Every structure is written in structure tokens, then in C-alpha cells.
Amino acid sequence: MSQLNVNAIRSANGTGDAISLTASDKTCTANITNNLSNRRLNINGDFRVMQRGTQTSVTAGKYGIDRWKFEVGNCGTWTLSQDTDVPAGKGFAKSYKIQCTTADASPAAADYVDTRYQFEGQDLQGLKWGGSDAKSITVTFWIKCKKTGTFNLNLLANGAANKSLGKVITISTADTWEFKSVTFAGDTAQAIICDNALRLSLVFWLDAGSDYKGGTSPTSAWETLTSANRAASTTIALADNTANYVNLCGVQIEAGDYATDFEHRSYSDELARSQRYYYKNPSNMYLTKYGSASICNVFNPVTMRANPTITQGSGFSISQISPYSFYIYKSSGDSGVAENGYEVSAEL
């Protein structure tokens, strides 16, 4: 066995040691400048958080697993669920399953199916896009699919111009977990706007008509969005049979040219991050008499992305909505209970 016996490691042009070694206790001290925590830019990449529960009979855009939006346009019916089928020995307990329940074997030109992760612009400023120091994005994930073939993994940037960049992913073996890693070049020409709006999406194309896959995917350079190129080379046709499914697991989106191990975070951390966009409280609320009205002041568990949309099961009125709180009230009558809880959404 070979050994490297040194006291320190230093760059040829350096003035200090990058790594110093201590013989007495067999340890080292390293000057590390790259960030080893908070590397994963996406939330709920291990799919443990699913506040809404299983979604069935899905025929339009909808959220199932938190932070992951499913989009479908006239291309079958689907079930979105949290699954316990995971790659063995990789530290995951849940995966995201998309199951076809009504097939469409011949999608019309404008039909499509995809699932996507969406970012606020202010969370991506560290990518430094719009200049010569623009950082790449590396995406790693596990995938299991009923079918072999290819699909387009597409980055869509929403800014002064809508732009896209795609990579063609191959599924080699049916019904088998496969690990994928792909790197997208940073956009040196257009910066990401720093706000709380949708500015970047990672889109997994699962099926589409010719309006979306009639062209050629831009795989090396960012281009102004051309719809016909977005799902180019997608051959898996997931909508063509009710036996078809796809599972995703361990999706990590990170800055840089190299993939690192999946960054595991606590469940409470992933839940709180998810609740910026959506949360659900199934409990009844007690409204207190205040003058001629009855009212309940609800404080959101975290600051939400924007003023949310609130769904309340008892049909009571909602007012003074902000990212921090809102009121549920009835304008007259005694104190009472607002039944069936409420849902609060500020999704992108």
C-alpha cells in the first residue's frame, strides 16, 4: 500500500497551508472555502413532506408532494402519491410516484405531462447568472420507471426573456432504480431577477405532443424559449398505458459542476421550508365574540412567500390577509367554532 508522508499540503503559489496534518492524533486541519451545508437548493428532495395527501383523478395542474407541481394538459388521468419504494441502502424512506390511471396513447399536438420544481428568484442569487462568473447547476436524482426510453430534463428561466436549456436522460432498464447526474451551464447573458416570483423551473417531461417535442433540445447553450424544443427527444410516452408509472427519489439541485452526496435535513426543517408555500391545519377553530362579530386571528407558522389564498371549510369570511397572519370571522352572532380547519397557499 502506498502512503503520502507530508506535514502539510499547499498550493504551488500559496502563502499558507490548505491542509495541515497532526501526527500525534492522526487528524488534519483544512481551510475549506466551499460551502458544505445548505448545498441543496431545492426543498423536499427526499419527498418526506406531503401535507395534501394522495391526489387522485388528476387531469390539470396540481400539487401532490410538497413543492413539486404536476402539470397535465389533455393527456390522461393520474394519481400522485408518496411511496415507500426507494433505492436500497441510500438513506431514503420515501419517493414521489406518478401513476397513469387513464391512458392517452396518441397525444394531440398541444397535449403534455410533466412534473417540475419551481424557484423564487431571490433564492438563486448565489448562481451569479448574467456575468462571466455564472455558476453551473448540477442535478442528481434516482428514477424508476415502467418503461425504458428517453425524456427531456429542462431548465426554464423566467426573466426579461424566457429561456431554456435541456438535457436528454436515458432510462436503460424498466422497473429498476437508476441514478442520474447532469450539469447545466450557467447563463452568462441573463441575470436571475431577485424577487419572490417564479424565476426558474426544473421540468421532467413525461409525455407530450408535437408542439413540445417537434424540435431539437438546446443541450449546450441557453436559447430563447422555443416550445417545440422543450420536450424534444422524450420517447417514454408515459401516458400510453395505465400500467405506466415513474418514481423519483433523492433529487438534489446544487450550484457547481460536480455532484455531491445528497444533503439530508431534518423533517422539521423540510416541513418549515415547505410551509412558506403551503400549509394545512385540519383542526377546528374557536371564534371569540368581539363587538358584534366573532373572530379568530390566525398566525402562519412561517412567513409565507406572498399574501396567500385561504380555503376555509365552514364558509366563514376571511380578512386582513398577509404573509404573516389573517382573520377568520363572521360579522354577527355569538362565538362559535369554524369547522374543518383551513388550507393556506402561496405557491409559485
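The values are calculated or read from the model by the stated rules, or taken from the named source; none is laboratory data. Since this is a predicted model, take the numbers as computed values, not measurements. Note that we place each Cβ from the backbone using ideal geometry, even for glycine, and neighbour counts take in every protein chain shown.
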**OP:** Mind listing just one residue for me: the one in region 136-158 that is assigned to a loop (DSSP other than H, G, I, E, B) and under 19 Å from the mean Cα position of the chain (by Cα) and, of those, surrounded by the most Cβ atoms within 10 Å (Cβ to Cβ)?
**Re:** Asn158
Original post:
Just wondering, is there one or more residues in region 216-223 that are under 22 Å from Ala105 (Cβ atoms), outside any loop (DSSP other than H, G, I, E, B) and not polar (S, T, N, Q)?
Top reply: no
**OP:** Considering each residue of region 274-308, count those that are in a strand (DSSP E or B) and exposed (fewer than 12 other Cβ atoms within 10 Å of the Cβ), and give that number.
**Re:** 2
Original post:
If a residue has to be of a type in the set (D, E, K, R) and farther than 17 Å from Arg39 by Cα to count, how many in region 111-161 make the cut?
Top reply: 7
Original post:
Are any of the residues in region 254-266 surrounded by 14 or more Cβ atoms within 10 Å (Cβ to Cβ) and on the phi > 0 side of the Ramachandran plot?
Top reply: yes
Subject >> region 60-94: number of residues that are among the aromatic types (Phe, Trp, Tyr) and over 20 Å from Ser266 (Cβ atoms) >> reply: 3
**OP:** From Ser164, Ser172, Ser217, Ser201, grab the single residue that is in the same structural domain as Ala105 (by TED's automatic domain parsing), out of contact with any Leu (no Cβ under 6 Å at 6 or more places or on another chain), at pLDDT 95 or above and not basic (Lys, Arg).
**Re:** Ser172
Original post:
Among the residues of region 248-268, is there at least one that is in the same structural domain as Cys100 (by TED's automatic domain parsing), among the aliphatic types (A, V, I, L, M) and either over 20 Å from the mean Cα position of the chain (by Cα) or assigned to a helix (DSSP H, G or I) (or both)?
Top reply: no
Original post:
Among the residues of region 108-122, is there at least one that is surrounded by fewer than 19 Cβ atoms within 10 Å (Cβ to Cβ) and either hydroxyl-bearing (Ser, Thr, Tyr) or free of Cβ contacts under 8 Å to residues at least 24 places away in the same chain (or both)?
Top reply: no
Subject >> Residue pairs meeting the criteria (Cβ under 8 Å; at least 6 apart or on separate chains; first under 19 Å from Leu287 (Cα atoms), in region 301-318; second basic (Lys, Arg) and crowded, with 17+ Cβ neighbours inside 10 Å) >> reply: Phe316/Lys330; Ser317/Lys330
Original post:
Do you know which residues across region 64-91 are in a strand (DSSP E or B) and closer than 27 Å to Ala272 by Cβ?
Top reply: Trp68, Lys69, Phe70, Glu71, Leu80, Ser81, Gln82, Asp83
